[in-house]
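Q: Next up is a structure, given as structure tokens.
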Amino acid sequence: MSYGMFGRLAGVVACMAMLVSASGCMPDASAPANRPTSGDETDMPLGGASRTGSSGEFGTVTAGTDTYRGFVLDNVLHSPDDGDIHFNLYVPDSYDGSRPVALFLTLPGYQGLYFQGVGENLYTEDFGFEAQRYNDRMIIAAPQLSDWGETMSRVMGMRPDLFSAYLHCSSQWDGDIATLAESETPVYLVVGQDDEYYGSEPSETAYDRIRDQYKDRGLSERRINELVTLDVKDAAYFANQGITNQHGGGGTLFSHDPDIMGWLFNR
């Protein structure tokens, strides 16, 4: 699975911050016009790997050659179990492998999938770039999947212990909540009240189910409030910022919202 891959590539990751934006039809607002430039394949330290990494438990890695705003584009994990997994990777200049750093993972909405073009998730979404404002020493991985699904909620239902926090944007929850509750990994669910694709009900239902799990485990109300947050944005939140589409527009606004991103980084 992708969460194991990124732990292996980083090599020295001490903690992982997790983010997914599962909104579709996201506008190309605020994405710079500049497209990739050719880069040296040795610019990306994949755990000391050359262009094609050595074979191992997770398969081999082929490093990309083009870059965009500091990201090396279209690196490929050749997984023996899951086929080719394409991902874009940012490694800060300050990273020298001498100490652990955080890994920030951002999954795309519908418009950023691999079949829609290499790097489309970075051209149309700002999570990977805004995250650098909060921690400029992180490694940032931006996978481009080949299909659309509630991927990260499923990951959180399998290995939530690998992540320090999870931001769930404009999506629905398909993962196992009991497994999440066992890890006590903090979750923030944000969605528009009138989200055109999901509505707010799936997020509200997931929030209630997570809370119920913690209550059954005997956690205090204070502790539960620390572990799960529901943030349903009303129409005014979008209208006041010139956004008419809550589902697609949420991906634009949420990444620039200091309360939302601050929750993830100022813990």
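Q: Using amide H atoms built in the peptide plane, which far-off residues or other-chain residues are under 5 Å from GLY175 H to H?
A: Answer set, sorted by chain and number: ARG154.
Q: How large is the charge dipole for region 45-198, taken about the Cα centre, if only the Cβ atoms of Lys, Arg (+1) and Asp, Glu (-1) carry charge, to the nearest 20 debye?
A: About 580 debye.
Q: Which whole-number value in Å² is the accessible area per residue of region 186-257, probe 1.4 Å?
A: Normalised by residue count, the accessible surface of region 186-257 is 48 Å².
Q: Here is a follow-up. Figure the gain on full extension for ASP212 and THR60 (residue separation times 0.36 nm, minus the Cα-Cα span) and round it to one decimal in nm. Display every interim value, and only then the final one.
A: Values: separation 152, 0.36 × 152 = 54.72 nm, distance 4.16 nm.
Taking 0.36 nm per residue and subtracting the Cα distance, the gain is 50.6 nm.
Q: On to the next question. Work from the charge dipole of region 70-131 (Cβ charges, +1 for Lys and Arg, -1 for Asp and Glu, about the Cα centre) and give the residue of VAL72, HIS86, LEU113 farthest towards its positive end.
A: Farthest along the dipole direction, towards plus: VAL72.
Q: Separation of region 220-246 and region 61-97 by C-alpha centroid, Å?
A: One Cα centre to the other: 32 Å.
Q: Of the accessible area of region 72-151, with the probe set at 1.4 angstrom, what percent is carbon plus sulfur? Write down the numbers at each step before the final one.
A: Details: 1340 of 3110 Å².
Roughly 43 percent of what the probe reaches on region 72-151 is carbon or sulfur.
Q: Suppose every Lys and Arg Cβ carries +1 and every Asp and Glu Cβ carries -1, with no other charges. What dipole size does region 115-267 come out with about its Cα centre, to the nearest 20 debye?
A: In debye, rounded to 20, region 115-267 gives about 520.
Q: Fully extended, how many nm does the chain gain between ASP81 and GLU221 (0.36 nm per residue separation, minus their Cα-Cα distance)?
A: Full extension of this stretch gives 46.2 nm more.
The values are calculated or read from the model by the stated rules, or taken from the named source; none is laboratory data. As the structure is a prediction and not an experimental result, all values here were calculated from the model. Glycine also receives a Cβ, built like all others from the backbone with ideal geometry; neighbour counts cover every protein chain displayed. Protein only, heavy atoms only, side chains kept; ligands, DNA and RNA dropped before computing areas. Shrake-Rupley method; radii C 1.70, N 1.55, O 1.52, S 1.80 Å.
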